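Contents: one structure, followed by commentary.
The values are calculated or read from the model by the stated rules, or taken from the named source; none is laboratory data. For clarity, every value in this text was computed on a predicted model and none was experimentally measured. Reconstructed Cβ throughout: ideal geometry from the backbone, glycine too, with neighbour counts over all protein chains shown.
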Amino acid sequence: MKTYRLIILFILLCMQWDMHAMHAEELFVVHGFKAPVSISRHDNRYYISNLGDRHTPGYIDIADQHMNIIHHKFIDNLKAPRGTVVFRGILYVCDTDNVIGFDLRTGRQVAVYDFSASGTKALSAIVAVDNRTLLVAAQDINMIFSLNKRNRRYTPFMQVDTPVDICLDELKRQLFVASAGNNNRGNGRLGVINLKGRTPTYTPLSDYTGHIRGIYLFSNLLYFTDWMQSDRPVGELKSIDISTRQVRSINHPWMKLNRPGAVVYDFRLRTFYITNQEENLLYRVSGHD
C-alpha cells in the first residue's frame, strides 16, 4: 500500500511539474503573412517585413503586442524588405539594394539611399547609431556599412562573414552581429564589435556555431535563433550570457520551432516573437522567466 502511495505521489509531482512547464512557456502560431523575414519593435508596435511572393510585392505590416494586424501593408510595393529600424519618426527599411525611409505617421517615402554600387542584393539588417549614422548589414557581400544620412554617403565599416542580423547596445557602445555561415555547414557565429574609440574591433562571443538567423539583446543576454539542421525544419531559441559566455536553450524540447528567423522580446509581457519565413507565420512564445 505504501508503494502505491509513493507511485501516486510521484505521478502528481510529475503532473505539477508538467503544468508548471506549460505555464512557463506557451507557443502560439500566428498566420496571415507572406514570407515574414524580419520583425522590429517601437512603442509597442511591431513592424513585420514580408518578402511576398511571385504574385505579391514585398510589404510591411504593423501589429500590436498580440500580433493583431493594425495596418496591413502599411508600406507596399517593395522588392524584398528585410531589416527595419525606427528613428526620430522615420521607418528605415532594408530593401534589396536600397535603404528607404518612410514617415511613421503617413507612410510617405521621405528618403532613399542607393547601395547598388556596392554590389549587394541583400541588405539584411539595420540599426541607428545616432542622428547622423545608420549601420547597415549586407549579408551577401560580407560587409557592414556606415551610412551618413546628412551627406547620403555610405562607407565600408567592417567586413564580417554573412552578417544576417545586427543589434546595438547604445549604453556600452557595442554592436552585436549574427553571422549566418556559408554553404549550409552550420558555421554561423555570434560576435560583438566595440564602437568605442577611433577603430572598431570585432571579437567572437564564443566558440558556438550553428545556422544562426536572428538576434535580440535584452539586459545581459543575447537571444538568438538557430535552425540546428539546415536540411530539417527543426530549430531552437537560445541565449548567450554576455558575461559568462554560457549558451542555453530557451524553448523546451516539446516546443518545435520550425525555421525560426528574426526574434524580438517584450520583457513586460515576457514574450518572444519569432518569424518563420517558409511557412508564412510568426511564433509567439510566452511566459519566459
Inset, instruction - Working only within the range 101-128, note down all residues that are outside any strand (DSSP E or B), in contact with a strand residue (DSSP E or B) (Cβ under 6 Å, 6 or more places away or on another chain) and more than 20 Å from T162 (Cα to Cα). - result: L104, G107
Inset, instruction - Among residues belonging to the range 109-130 that are of a type outside the set (A, V, I, L, M, F, W, C) and out of contact with any helix residue (DSSP H, G or I) (no Cβ under 9 Å at 6 or more places or on another chain), point out the one that is surrounded by the most Cβ atoms within 10 Å (Cβ to Cβ). - result: Y113
Inset, instruction - Would you list the strands (runs of 3 or more DSSP E) that sit entirely within the range 235-289 and hold 3 or more residues that are crowded, with 18+ Cβ neighbours inside 10 Å and in contact with a helix residue (DSSP H, G or I) (Cβ under 7 Å, 6 or more places away or on another chain)? - result: none
Inset, instruction - Taking S40 as meeting all but one of (1) over 19 Å from Y273 (Cβ atoms); (2) small (G, A, S); (3) assigned to a strand (DSSP E or B), write down the number of the exception. - result: (1)
Inset, instruction - Only one of these is surrounded by fewer than 20 Cβ atoms within 10 Å (Cβ to Cβ), in a strand (DSSP E or B) and either in contact with a strand residue (DSSP E or B) (Cβ under 6 Å, 6 or more places away or on another chain) or at pLDDT 95 or above (or both): I60, I48, I70, I75. Name it. - result: I70
Inset, instruction - Could you please tell me which pairs satisfy a Cβ distance under 8 Å, a separation of 6+ or placement on different chains, a first residue in the range 195-209 that is closer than 13 Å to S179 by Cβ, and a second residue that is among the aromatic types (F, W, Y)? - result: L205/F176
Legend entry - Looking only at the range 80-121, and only at residues there that are of a type in the set (S, T, N, Q) and over 23 Å from V177 (Cα atoms), the one that is modelled with the highest pLDDT: Q109
Inset, instruction - Answer with yes or no whether G188 is without any contact (Cβ under 8 Å) to a residue 60 or more places away in the chain and touching a strand residue (DSSP E or B) at 6+ places or on another chain (Cβ under 8 Å). - result: yes
Inset, instruction - Working only within the range 78-95, note down all residues that are assigned to a strand (DSSP E or B) and either of a type in the set (S, T, N, Q) or surrounded by fewer than 19 Cβ atoms within 10 Å (Cβ to Cβ) (or both). - result: T84, V86, F87, I90
Legend entry - Lone qualifier among F102, F87, F145, F115 - being over 19 Å from G261 (Cβ atoms) and in contact with a Ser or Thr (Cβ under 8 Å, 6 or more places away or on another chain): F145
